[in-house]
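Everything on this sheet refers to the single structure shown next.
The values are calculated or read from the model by the stated rules, or taken from the named source; none is laboratory data. Fair warning: this is a prediction, and the values are worked out from it, not measured in the lab. Cβ coordinates were reconstructed from backbone atoms using ideal geometry, including for glycine residues, and neighbour counts include every protein chain displayed. Surface areas here come from the heavy atoms of the whole protein model, side chains and all, with no ligands, DNA or RNA. Shrake-Rupley method; radii C 1.70, N 1.55, O 1.52, S 1.80 Å.
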Amino acid sequence: MTHGGQTLYAKLWDAHVVREQGDGEALLYIDRHLVQEVSSPQAFEGLDRRSLRFRRPSAHVATPDHAVSTDVSAPNPRDSLMALQVRRLIENSRKHGVPFVGETDAAHGIVHVIGPELGFTLPGCTLVCGDSHTSTHGAFGALAFGIGSSQCETVFATQCLPQSRQKTMRINFNGRLSPGVAVKDVVLALIAQIGTEGGRGYAVEYAGDAVRAMSMEQRMTLCNMTIEAGARIGLVAPDETTFAYLKGRPLAPQGELWDQAVAYWRSLPSDNDARFDSELTFDVSAVVPHVSWGTNPSQCSPVTGRVPDPAAEADPSKRGKLSQSLAYMDLEPGTSLDDILIDRVFIGSCTNSRIEDLRAAAAVAEGRRVSAGVSAMIVPGSAQVQAQAEAEGLDRIFREAGFSWRSAGCSMCVAMNADRLSPGERCASTSNRNFEGRQGPGGRTHIMSPAMAAAAAITGRLTDVRELAEEAA
Amino acid sequence: MIPFHTLTSRAIPLPAADIDTDAILPARFLLLLSREGLGEHLFHELRRNAQFALNRPDLAGAQIIVGGPRFGIGSSREQAVWALADYGIRCIIAPSFGEIFYANCINNGILPITLEGEPYEGVLDAADASVEFHIDLTAQTIDIGKRSPITFGIDASRRDALLSGRDTLDTILHDDMEHIARFEAQQQDAEPWLWIDETQFAPFASIGGDND
Ligand code: SF4
């Protein structure tokens, strides 16, 4: 079935078709499911209502991440909605024999951070989660996508989902990142250009020498943000970097099985003569640090730029949308982006909370102080990341600079726990969405890279991190 | 899930672009554990504005929304669709939809109709003017009292699911359990490493039993 001319996506798809349903639709087999507390209670409830059991409990891992407290000194109040939701996940997992990782366990963290850490995420597998940033796992050459709660229920009971085959788009990133520029900047620049619908209907494969040079963590940031360009699936072909990351992880194959698996994984990359429905090429060496100024991730610009003027927009519907975004963000057209003062800084989320992200932020924070009046927090993506950062002394650097150092969770990426913005507060955030109210009702979010967020914490305004580097030099 | 055949109702015009699932149901309501009662929180923020179309007295009880481009983008939360269903919405007409949202609609008995250009403008005007819509899924038509009804397209499999009221899970349980067993046997042979043994979880996760 996989002779010549096939894309990575086609190979992943073909290997999981249980039954073709015509019209590009098929019932796909799902190998892995990450279960979190927010999208699962109704799925478990539905299963119980139909008196069904899990088909394969060990194809699932459950953990609470969205609603957990990241402040050990202030756990969720006992009968808060958050605590009830976490409690429900524990009960449901126990009842159905689903492997469960608790809030205080060494393997705990955001689902999209721990899946790869545990080796649960593997090349060539299909992986779903009731969360749109499931695209993250495509960094391993896994067919991974977000689903709704009823689909979670369907996977519980059948390990299958009907899906329609996506068109394919290859995005080639060539060249080398300049100093001070992160993969987050590249992907924000991409979304600014192709828009929040640019990838709609496509499975995107990232290729090119810049992608080959990326670490697994960078590839995860890239695939994570793919959903913000409208594509549910972002893929990177597995290579030696992928295998080196996975080797020895608890759920990765061992011994002879490992060799067998790697041999199979090497057959997955798109064939040289594979055809894509659409293809784009970007030179990443020209990319500079980006920040968002609006209320969707495509509304971002180089930090050296200015808040755009709706009057200059010819299309009336776009003009209206732009004015509305600026009104919500309380920004005047023409303002220099680096004149925008901030109240809060959030470094975390499944986009940018891994060890390399924290190192990049610490490099900026080291020996400096968080600006007076700014409250800044660092939330590692997992307990493992936290432990690693502490072993490297990053927590000390952050604490000395005046950041608050937290434990793992989604935290202020989503206003579903105690970490949130107050109305009107403005935040420099490494998360993925700047929608109205995303970080708390009335809160204003500027998304950017970890180094850029750290720089904003230091100066109290949106800042080109390259200026701080010059200052230190 | 309630089958969808025909629907007669007025329609609520919400033509703004990019109404995302967070606007439909803000994240903090995701902490509620059940599907029932979510309609109360539908469009929680937007609804505070008296001018918001959902508040129009002439549209009280309307079961159709005429949305704008990219209706339902953003977070995959199915709660957004449950809130719409719980509020009584049975059909959404828009130029385009968030993909996950679209699938969630089908699975919850809400008919999403993709309509662009002139037909869309006509429908939007009719919604604004509080005209009664008659939607027929078998005929794939929207009748707003004009010369000829507007026709719309929808995948046959999705249309059938809505007409039968059989959701995805029912359908798979009914049609596919043998296919699944066969697939699994093959995969266990070809890619045995995908089959994690329960014992591999022991070092870091708990399975069943007491974990208080
Ligand atoms: S960190 Fe944010 S985007 Fe990621 S899973 Fe949590 S809430 Fe979703």
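Some notes on this structure:
- Filtering region B:160-171 to residues that are at the interface with another protein chain (Cβ under 10 Å from one of its Cβ atoms) and of a type in the set (A, V, I, L, M, F, W, C) leaves B:A161, B:L169.
- Residue that is most open to solvent (accessible area, probe 1.4 Å) [pool: residues in region A:20-44 that are touching a residue at least 24 places away in the same chain (Cβ under 8 Å) and at positive phi]: A:D23
- Flag if A:A231 is touching a strand residue (DSSP E or B) at 6+ places or on another chain (Cβ under 6 Å), surrounded by 23 or more Cβ atoms within 10 Å (Cβ to Cβ) and touching a residue at least 12 places away in the same chain (Cβ under 8 Å): yes
- Any hit, region A:151-169, residues being within 16 Å of the ligand (Cβ to nearest atom) and either away from chain B (no Cβ under 12 Å) or surrounded by 24 or more Cβ atoms within 10 Å (Cβ to Cβ) (or both): yes
- Qualifying residue in region A:200-218 (condition: within 16 Å of the ligand (Cβ to nearest atom), away from every other protein chain (no Cβ under 14 Å) and modelled with pLDDT of 95 or more): yes
- Within region B:2-26, restricting attention to residues that are in contact (Cβ under 8 Å) with a residue 60 or more places away in the chain, surrounded by 19 or more Cβ atoms within 10 Å (Cβ to Cβ) and part of a loop (DSSP other than H, G, I, E, B), the residue that is nearest to the other protein chains (Cβ to nearest Cβ) is B:D20.
- Restricting region B:145-159 to residues that are among the hydroxyl-bearing types (S, T, Y) and either over 21 Å from B:P69 (Cα atoms) or buried (at least 16 other Cβ atoms within 10 Å of the Cβ) (or both), the residue that is farthest from the other protein chains (Cβ to nearest Cβ): B:S148
- In region B:27-144, counting only strands (runs of 3 or more DSSP E) that sit wholly within it, the ones holding 1 or more residues that are surrounded by fewer than 22 Cβ atoms within 10 Å (Cβ to Cβ) and polar (S, T, N, Q) span B:111-114, B:141-143.
- Taking region A:167-203 as the range and being among the charged types (D, E, K, R) and farther than 29 Å from A:I355 by Cα as the test, the residues that pass are A:K167, A:E197, A:R200.
- Looking only at region A:201-228, and only at residues there that are out of contact with any strand residue (DSSP E or B) (no Cβ under 6 Å at 6 or more places or on another chain) and acidic (D, E), the one that is least open to solvent (accessible area, probe 1.4 Å): A:E228
- Out of A:D65, A:D71, A:D48, one residue alone is more than 10 Å from every other protein chain (Cβ to nearest Cβ), open to solvent by 10 Å² or more (accessible area, probe 1.4 Å) and within 24 Å of B:Q79 (Cα to Cα). It is A:D48.
- If you check A:G437, A:G442 for being farther than 14 Å from A:M377 by Cβ and within 16 Å of the ligand (Cβ to nearest atom), only one passes: A:G437.
- Filter result for the condition that a residue is modelled with pLDDT of 95 or more, touching a Cys at 6+ places or on another chain (Cβ under 8 Å), within 23 Å of A:D185 (Cβ to Cβ) and of a type in the set (V, I, T), over A:V307, A:V345: A:V345
- Boolean, A:N417 is open to solvent by less than 10 Å² (accessible area, probe 1.4 Å), within 14 Å of chain B (Cβ to nearest Cβ) and either free of Cβ contacts under 8 Å to residues at least 60 places away in the same chain or under 26 Å from A:D339 (Cβ atoms) (or both): no
- Qualifying residue in region A:85-108 (condition: in contact with a Ser or Thr (Cβ under 6 Å, 6 or more places away or on another chain) and over 21 Å from B:L31 (Cα atoms)): no
- Residue in region A:177-188 that is within 14 Å of another protein chain (Cβ to nearest Cβ) and crowded, with 24+ Cβ neighbours inside 10 Å present: no
- Which listed residue is within 26 Å of A:L246 (Cα to Cα) and within 16 Å of the ligand (Cβ to nearest atom), from A:T136, A:T104: A:T136
- Odd one out for A:A453, checked against (1) more than 16 Å from the ligand (Cβ to nearest atom); (2) crowded, with 24+ Cβ neighbours inside 10 Å: (1)
- Contact map, region A:255-280: residues that are hydrophobic (A, V, I, L, M, F, W, C) paired with residues that are at pLDDT below 95 and not in a helix (DSSP H, G or I), Cβ distance under 6 Å, separation 6+ or inter-chain. Pairs shown: A:A274/A:G5.
- The sole residue among A:R88, A:R53, A:R19 that is under 30 Å from A:S164 (Cβ atoms), of a type in the set (D, E, K, R) and touching a Leu at 6+ places or on another chain (Cβ under 7 Å) is A:R19.
- Residues satisfying the stated conditions in region A:432-446, i.e. within 14 Å of chain B (Cβ to nearest Cβ) and outside any loop (DSSP other than H, G, I, E, B): A:T445
- Selection from region B:53-77 of residues that are within 14 Å of another protein chain (Cβ to nearest Cβ) and either within 16 Å of the ligand (Cβ to nearest atom) or without any contact (Cβ under 8 Å) to a residue 40 or more places away in the chain (or both): B:I73, B:G74, B:S75, B:S76, B:R77
- Residue tally, condition closer than 29 Å to B:A27 by Cβ, among the β-branched types (V, I, T) and either within 7 Å of chain B (Cβ to nearest Cβ) or more than 21 Å from the chain's Cα centre (by Cα) (or both), over region A:16-45: 1
- Residues that are facing chain A (nearest Cβ under 7 Å) and among the aromatic types (F, W, Y) occur at least once in region B:172-191.
- Selected residue (criterion: most open to solvent (accessible area, probe 1.4 Å)) from residues of region A:234-247 that are in a helix (DSSP H, G or I) and of a type outside the set (D, E, K, R): A:A244
- Cβ pairs under 8 Å, 6+ apart, first in region A:350-371 and at pLDDT 95 or above, second within 16 Å of the ligand (Cβ to nearest atom) and of a type in the set (D, E, K, R): A:T351/A:K184; A:N352/A:K184; A:R354/A:E217; A:I355/A:E217; A:E356/A:E217; A:D357/A:E217
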